[in-house]
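Take a look at the structure set out below.
The values are calculated or read from the model by the stated rules, or taken from the named source; none is laboratory data. Treat the numbers as computed from the prediction; the structure is a model and nothing was measured. In this analysis, Cβ positions are derived from the backbone assuming ideal geometry, glycine residues included, and neighbour counts consider all displayed protein chains. These area figures cover heavy atoms from the full protein model, side chains too; ligands, DNA and RNA do not enter into them. Shrake-Rupley method; radii C 1.70, N 1.55, O 1.52, S 1.80 Å.
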Amino acid sequence: MNPTRVPIEKKESIRWLDNVRQSTELLGDSGRCVHVGDRESDIYELFCAARDAGTHFVIRTCVDRLAGDGNHAIADEMDEVAVKGRHCIDVRNNNGDPDEAVLEIRYRKLRVLPPIGKQKRYPALTLTVIHAEERVTPKNRKKIEWKLITNLPVSSRTDAIEKLEWYALRWKIEVFHKILKSGCKAEESKLRTAQRLTNLISLFCILSWRVFWMTMLNRVVRV
């Protein structure tokens, strides 16, 4: 069976939609919430769920969707966009040493279409695509190529950089999760009730945050 024809409700990906709905309900102000996700959350149904919930997202894309009138893809339209600015970010090379990456920024508001097999169920959406990439491949690390999609307004280089910086925060979140899972070994807990597990994870989150804070502080001091 074509995976694009399997209803989202029958896929593991449904958890991303549940996260959008639950987090906006808990916040109580969906307009203030921005969901930042990596390529795993590049799901058209999530874009529609965010629209329905009145909330926002910044997602790194891995799918080159149809755009405009449906006779071409997003990549075709982005190829026509001139570089609208540059932005420097601090990174680390393969040896863990500090490095700097200069990203060329392009952005464009597009009419994005759902997958062909789902066009009767979901509408086309007007979204903004941001491409940020290095012109040349560095010798000591992987070339940075970020392709983001968002329903937030992006009308200037400053707006685009803001969304890039929000996405870049995911690396810090990944470090926190690594501490929580590998350091505290939260996934190996054998507690029998949900309440006990909730209490344990709450404690682990406090410990993980302190370790994370010291890790980030050490990196700043080393630089």
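For n ≥ 4 DSSP H runs only, could you compute -39500 (n - 2.57) per run for the chain, divide by its residues and tell me the 222 nm figure to the nearest 500?
-11500 deg cm²/dmol
Using the beta-carbon distance between residue 165 and residue 199 and R0 = 25 Å, what value does 1/(1 + (r/R0)^6) give for FRET efficiency, to the nearest 0.05?
With a Förster radius of 25 Å, E is 0.15.
In the stretch 25-99, what percentage of the DSSP-assigned beta bridges are antiparallel, given to the nearest 5? Show your work: numbers first, answer last.
Values: 4 of 8 bridges.
If I count the DSSP bridges inside the stretch 25-99, around 50 percent turn out antiparallel.
Could you look at the chain and say what percent of its accessible area is carbon and sulfur, using a 1.4 Å probe and all protein chains?
Carbon with sulfur: 52 percent of the solvent-accessible area.
Under the 0.36 nm per residue contour assumption, what length would be gained going from the current alpha-carbon distance of residue 211 and residue 97 to full extension?
Separation in residues times 0.36 nm, less the Cα-Cα distance, equals 39.0 nm.
What residues qualify as long-range amide H neighbours of residue 33, i.e. H under 5 Å apart, gap of 5 or more or another chain, H built at 1.01 Å from N?
For residue 33, whose amide H was placed from the backbone, the distant partners under 5 Å are 56.
Work out how much length residue 29 to residue 156 would gain on full extension: take 0.36 nm times their residue separation and subtract the Cα-Cα distance, in nm to one decimal. List each step's numbers first, then the result.
Working: separation 127, 0.36 × 127 = 45.72 nm, distance 2.60 nm.
Stretched out fully, the residue 29 to residue 156 stretch lengthens by 43.1 nm.
Report the Cα centroid-to-centroid distance between the stretch 22-56 and the stretch 123-179 in angstrom, as an integer.
Computed from Cα coordinates, the inter-centre distance equals 17 Å.
Report the Stokes-Einstein translational diffusion coefficient (µm² s⁻¹, integer) for the stretch 32-151, Rh taken as the Kirkwood radius over Cα pairs, at 20 °C with viscosity 1.002 mPa s.
Translational D for this selection: 137 µm²/s.
Once you have the Cα-Cα distance between residue 188 and residue 124, take 0.36 nm times their residue separation minus that, and quote the gain in nm to one decimal.
18.7 nm
Determine the principal axes of the Cα atoms in the stretch 43-111, then give the extent along each, sorted from largest to smallest and rounded to whole angstroms.
Rounded to whole Å, the extents work out to 44, 30, 20 Å.
How would you order 70-81, 109-120, 38-49 from highest to lowest mean count of nearby Cβ atoms within 10 Å? List each step's numbers first, then the result.
Details: 70-81: 13.7, 109-120: 15.5, 38-49: 18.0.
Most protected by this proxy first, the peptides run 38-49, 109-120, 70-81.
Find the accessible area per residue for the chain; the probe is 1.4 Å, ligands and nucleic acids are left out, and the unit is Å².
Counting only protein heavy atoms, the per-residue value for the chain is 62 Å².
With charges only on Cβ, +1 for K and R and -1 for D and E, what is the dipole size of the chain about its Cα centre, in debye, rounded to 20?
The calculated dipole for the chain is roughly 600 debye.
Based on Cβ point charges of +1 for Lys and Arg and -1 for Asp and Glu, what charge dipole magnitude is obtained for the stretch 1-104 about its Cα centre, in debye rounded to the nearest 20?
It works out to roughly 400 debye.
List, in the order given, every pair from 11/190; 143/172; 139/181; 109/147 whose Cα-Cα distance in the structure shown is over 22 Å.
11/190; 139/181
Antiparallel versus total DSSP beta bridges in the chain: what percent is that, nearest 5?
Roughly 90 percent of the DSSP beta bridges within the chain come out antiparallel.
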